[in-house]
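I have placed the structure first, in the form of structure tokens, so that the comments after it can refer back to it.
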Amino acid sequence: MSKQEQLQSILKAIKQALPELRSVVVASTDGLPIVHDSADAPRVAAMAATALGLGKRISQTTDLGPLQETIVRGNDGYFVVYAAGDKGVLALAAPADANLGLIHLEARDFAARLAQLL
Amino acid sequence: MEPLKVIITGPVGAGKSTLIRTLSETEVVDTDAAASEDIGKAMTTVAMDYGTLHLGDQLLYLFGTPGQERFDFMWDVLTEGALGMLMLVRGDRPEDLGPARRMLDYLLSQHPVPHVVGVTRQDRPPVWGPEEVALFLGLPKERVVGLNATDPKSAVQPLMRLLELMLAEEESRS
């Protein structure tokens, strides 16, 4: 399987594991979409990279250790950005009634798998 | 004297992060990520840069924006509350001047503040000088300053010019 196919299969597995997700975007840390199911992927990828970059810096500056994720919570849902190694970003959009604990559990595992491919 | 917030913007590779690193008196907050495209450098700013600088008694907060257009949402976020704008362009990349003009027009339409254009890489001829860039951008020549972003004495020049304009603006308002 090519790298792109492997990435696509991880994308598919994420959506199977977390069917409530509204969108999934995997991007480079400088904000370019790699694989995704979002109509707005270029913009989401850029914003995810910004959120991750700023989150990393805040985590470092305030002695929180390595960043795990950046969470944006609105009235109508969540946007969660995970580091996928040094080169990648995994961004998930979920509705407000989603189980955030379950999302973290699955997403951290998928982020680690993505990290090995990117 | 109240500290003044200054926004430092301009196209990718203009020297925004470099200028802030050169001038900041406090540890710089930067947000670099590895560039996955060929943009002529290894790292690129994805969120912001931040540093501080005294010019005489006046404290400036320096906020640098990302240069790549896909991060344009950060331009507005960071420009909020800024009292002056320094736009950097590379003197050896005149093809960046068109995009720089559009960026400047957009930002000034949203945030009409005193502004100066800095033309970087003046130490690496052949480069466009500030007069040529002023002509191209249709700006008064006192609003365009040449500099080398790696040299503290040179990098501070456009900010001194900007501070004069900001203080004059403040005076005319009061």
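The values are calculated or read from the model by the stated rules, or taken from the named source; none is laboratory data. Since this is a predicted model, take the numbers as computed values, not measurements. Glycine gets a Cβ as well: all are built from the backbone with ideal geometry, and neighbour counts include every protein chain shown.
Things worth noting here:
- Qualifying residue in region B:46-65 (condition: at pLDDT below 95, surrounded by fewer than 24 Cβ atoms within 10 Å (Cβ to Cβ) and of a type in the set (S, T, N, Q)): no
- Those residues of region A:1-47 which are assigned to a loop (DSSP other than H, G, I, E, B), within 14 Å of chain B (Cβ to nearest Cβ) and surrounded by fewer than 17 Cβ atoms within 10 Å (Cβ to Cβ), in sequence order: A:Asp40
- Summed over region B:89-113, the residues that are surrounded by 17 or more Cβ atoms within 10 Å (Cβ to Cβ) and farther than 22 Å from B:Pro3 by Cα give a count of 10.
- Test result for B:Val116, within 14 Å of chain A (Cβ to nearest Cβ) and crowded, with 24+ Cβ neighbours inside 10 Å: no
- On the stretch given as region A:1-37, residues that are hydroxyl-bearing (Ser, Thr, Tyr), in contact (Cβ under 8 Å) with a residue 24 or more places away in the chain and over 20 Å from A:Asp109 (Cβ atoms) total 1.
- Qualifying residue in region A:80-90 (condition: over 24 Å from B:Thr65 (Cα atoms), part of a strand (DSSP E or B) and within 14 Å of another protein chain (Cβ to nearest Cβ)): yes
- Some residue of region B:24-35 being closer than 17 Å to B:Leu86 by Cα, in a strand (DSSP E or B) and touching a strand residue (DSSP E or B) at 6+ places or on another chain (Cβ under 6 Å): no
- Residue identified as part of a helix (DSSP H, G or I), of a type in the set (Gly, Ala, Ser) and loosely packed, with under 15 Cβ neighbours inside 10 Å among A:Gly53, A:Gly65, A:Gly101: A:Gly101
- Taken over region B:66-82, the criterion of being away from chain A (no Cβ under 13 Å) and either crowded, with 19+ Cβ neighbours inside 10 Å or modelled with pLDDT of 95 or more (or both) is satisfied by B:Thr79, B:Ala82.
- Within region B:53-70, tally of residues that are hydroxyl-bearing (Ser, Thr, Tyr) and assigned to a loop (DSSP other than H, G, I, E, B): 1
- Restricted to region B:13-34, and to residues there that are surrounded by 21 or more Cβ atoms within 10 Å (Cβ to Cβ) and within 11 Å of another protein chain (Cβ to nearest Cβ), the residue that is nearest to the chain's Cα centre (by Cα) is B:Thr31.
- Long-range neighbours under 9 Å by Cβ, at least six apart or interchain, first residue without any contact (Cβ under 8 Å) to a residue 60 or more places away in the chain and in a loop (DSSP other than H, G, I, E, B) within region B:71-98, second of a type in the set (Phe, Trp, Tyr) and surrounded by 19 or more Cβ atoms within 10 Å (Cβ to Cβ): B:Gly91/B:Trp128; B:Asp92/B:Trp128
- Tallying residues that are more than 14 Å from chain B (Cβ to nearest Cβ) and closer than 23 Å to A:Ala41 by Cβ within region A:54-79 yields 7.
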